[in-house]
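The values are calculated or read from the model by the stated rules, or taken from the named source; none is laboratory data. Just so it is clear, the structure is predicted and the values come from calculations on it, not from any experiment. Cβ sites come from the backbone with ideal geometry, for glycine too, and all protein chains shown count toward neighbours. Ligands, DNA and RNA are stripped out before the accessible areas are found, and what is left, the full protein with its side chains, is counted by its heavy atoms. Shrake-Rupley method; radii C 1.70, N 1.55, O 1.52, S 1.80 Å.
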Amino acid sequence: MVFEKAERLSKLPPYLFAEIDRKKKEVAKKGIDIISLGIGDPDLPTPKHIIERLKKAAEDPKNHKYPDYEGLFEFRKSASDWMKKRFDVSFDPDSEVVSLIGSKEGIAHIPLAFVNPGDYVLVPDPAYPVYNIGTLFAGGISHIMPLKRENNFLPDLKAIPENVLRKTKIMHINYPNNPTSAVADKSFFEEVIKLAKTYKFIVCHDMAYSELFYEEAPMSIFNVEGAREVAIEMHSLSKTYSMTGWRIGFAVGNPSIIEGLGKIKTNVDSGIFQAVQEAGIEALSGDQSCVEEYRKIYKERRDFVVAELSKMGYEVFYPKATFYVWVKTPDNIDSRTFCGKILEETGVVLTPGIGFGEYGEGYFRIALTVNQNRLKEAIERIKGVKF
Ligand SMILES: *Cc1c(COP(=O)(O)O)cnc(C)c1O
């Protein structure tokens, strides 16, 4: 039998990467060696001390039980200590921290706790697709906040209509930003908090790339006065410690927001395998030199790619953070045509900006998640393509 899917699935935006996936297979079949600069998944391994801790913790029978959804107290304490050390802000591990099965899980679930059908959620575009999808699954309406080059890829808060603001429950923001690599300054966060207080909505700040910076260390939204009244911040161990497959992150913030998210979680999941949480404790409270070392490697890659693309005449948005480079397509070629041609002729996979939303059109994204030699090879191949 073939079953008809629920309406919420038919509301999902088309999966634009299907076309890329298909082309990639075709190209690979021809024997062309594929270099994937598509998905933002670190090539650098999880640091050894974290793996060792997992091994030990996996042997301990006390870790074989159902964990609590909110996470081990020791994990939440490590998260809170890490926030204190990194941003000089304090959170009570019991009421202001919750563990997440990756920050994606928290972002997907938070609308279920706060959004009623017909409510608005403010969603940036281009963006990580989960902000919009989580909203749709909760029956909410995504109001798009375009991220434009002329605003340094920050949303124009004054452009959000009053009638939308009055029915808004959550605003999603993400800095350092995927896919644009933009960073936000204090005045932006101040404006966001002011608006959220006026219209009584939640600010959900996704800080998955907090440690992948090459200039100044980005600030937390909690470095801004008043944030505790309205904000939650999602953190992830995925990119910082090369732990994407481990599925571990955490949220910190306003206790009533944490409680609401926790209520959803306790009813749909049973937390993170405790051995993984122990490894997470090791990551957050152990030797941090791996973070510095990885940052240095990404910085070398960034410098190389930015220099090469600029020499070739591409308009590159200089990435102060993240492991992405956001680039304008030449001669305003649409992003799917551009990335399709590059893939077919060179085997290099790039992500078309349209895959992140309509305002991503006219751009493509390069993920710096292959080694320097492969990056060199990819650049050489791209140089050979004529438009
Ligand atoms: C990678 C990424 C995440 C992290 O997801 P996890 O579920 O923690 O692995 C969250 N937000 C953005 C924008 C990302 O790019």
**Study point:** Pick from segment 81-119, criterion touching a strand residue (DSSP E or B) at 6+ places or on another chain (Cβ under 7 Å) and part of a helix (DSSP H, G or I), ranking: nearest to Arg8 (Cα to Cα)
**Key:** Pro111
**Study point:** Conditions (1) of a type in the set (A, V, I, L, M); (2) buried (at least 18 other Cβ atoms within 10 Å of the Cβ); (3) under 20 Å from Met207 (Cα atoms): number failed by Ala279
**Key:** (3)
Review point. From the residues in segment 155-167 that are free of Cβ contacts under 8 Å to residues at least 24 places away in the same chain and open to solvent by less than 80 Å² (accessible area, probe 1.4 Å), which one is farthest from Val183 (Cα to Cα)?
Key: Pro161
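Condition check ((1) in a loop (DSSP other than H, G, I, E, B); (2) surrounded by fewer than 24 Cβ atoms within 10 Å (Cβ to Cβ)) across all residues:
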position: Arg336; (1), (2): no, yes
position: Cys339; (1), (2): no, no
position: Glu344; (1), (2): no, yes
position: Arg365; (1), (2): no, no
position: Val370; (1), (2): yes, yes
position: Arg374; (1), (2): no, yes
position: Ile382; (1), (2): no, yes
Check your understanding: Restricting attention to segment 316-324, does a residue exist that is within 28 Å of Leu12 (Cα to Cα) and of a type in the set (Val, Ile, Thr)?
Key -> yes
**Study point:** Residue within segment 222-235 that is within 11 Å of the ligand (Cβ to nearest atom) and in contact (Cβ under 8 Å) with a residue 24 or more places away in the chain present
**Key:** yes
Review point. Of the conditions (1) crowded, with 19+ Cβ neighbours inside 10 Å; (2) part of a loop (DSSP other than H, G, I, E, B), Leu122 fails just one. Which one is it?
Key: (2)
Practice item. Kindly check whether there is at least one residue in segment 108-126 that is over 24 Å from Arg228 (Cα atoms) and touching an Asp or Glu at 6+ places or on another chain (Cβ under 7 Å). Key: yes
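Per-residue answers, yes or no, for (1) in the same structural domain as Tyr318 (by TED's automatic domain parsing); (2) surrounded by fewer than 20 Cβ atoms within 10 Å (Cβ to Cβ); (3) assigned to a loop (DSSP other than H, G, I, E, B):
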site: Pro146; (1), (2), (3): no, yes, no
site: Phe153; (1), (2), (3): no, no, yes
site: Ile173; (1), (2), (3): no, no, no
site: Ala182; (1), (2), (3): no, no, yes
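With the requirement that a residue be crowded, with 20+ Cβ neighbours inside 10 Å and either more than 14 Å from the ligand (Cβ to nearest atom) or outside any loop (DSSP other than H, G, I, E, B) (or both), what does segment 236-248 give you?
The answer is Ser236, Trp246.
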**Study point:** Hey, Ala251 within 15 Å of the ligand (Cβ to nearest atom) and outside any helix (DSSP H, G or I) or not
**Key:** yes
**Study point:** Whichever residue in segment 155-171 is part of a helix (DSSP H, G or I) and within 17 Å of Gly140 (Cα to Cα) and, among such residues, is farthest from the ligand (Cβ to nearest atom)
**Key:** Asn163
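Yes/no per residue for (1) more than 12 Å from the ligand (Cβ to nearest atom); (2) without any contact (Cβ under 8 Å) to a residue 40 or more places away in the chain; (3) over 25 Å from Asp41 (Cα atoms):
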{"site": "Val98", "(1), (2), (3)": "yes, no, no"}
{"site": "His109", "(1), (2), (3)": "no, no, no"}
{"site": "Tyr120", "(1), (2), (3)": "yes, no, yes"}
{"site": "Met145", "(1), (2), (3)": "yes, yes, yes"}
**Study point:** Considering residues of segment 184-210 that are touching a Leu at 6+ places or on another chain (Cβ under 9 Å) and outside any helix (DSSP H, G or I) only, the residue nearest to the ligand (Cβ to nearest atom)
**Key:** Ala184
Check your understanding: Does Val230 satisfy the condition of being open to solvent by 10 Å² or more (accessible area, probe 1.4 Å), under 14 Å from the mean Cα position of the chain (by Cα) and not basic (Lys, Arg)?
Key -> no
Point to revise | Of residues in segment 46-68 being in a loop (DSSP other than H, G, I, E, B) and more than 16 Å from the ligand (Cβ to nearest atom), the one nearest to Ser242 (Cα to Cα) | key: Pro47
Review point. Just for segment 1-45: of the residues that are among the charged types (D, E, K, R) and part of a loop (DSSP other than H, G, I, E, B), which one is most open to solvent (accessible area, probe 1.4 Å)?
Key: Glu4
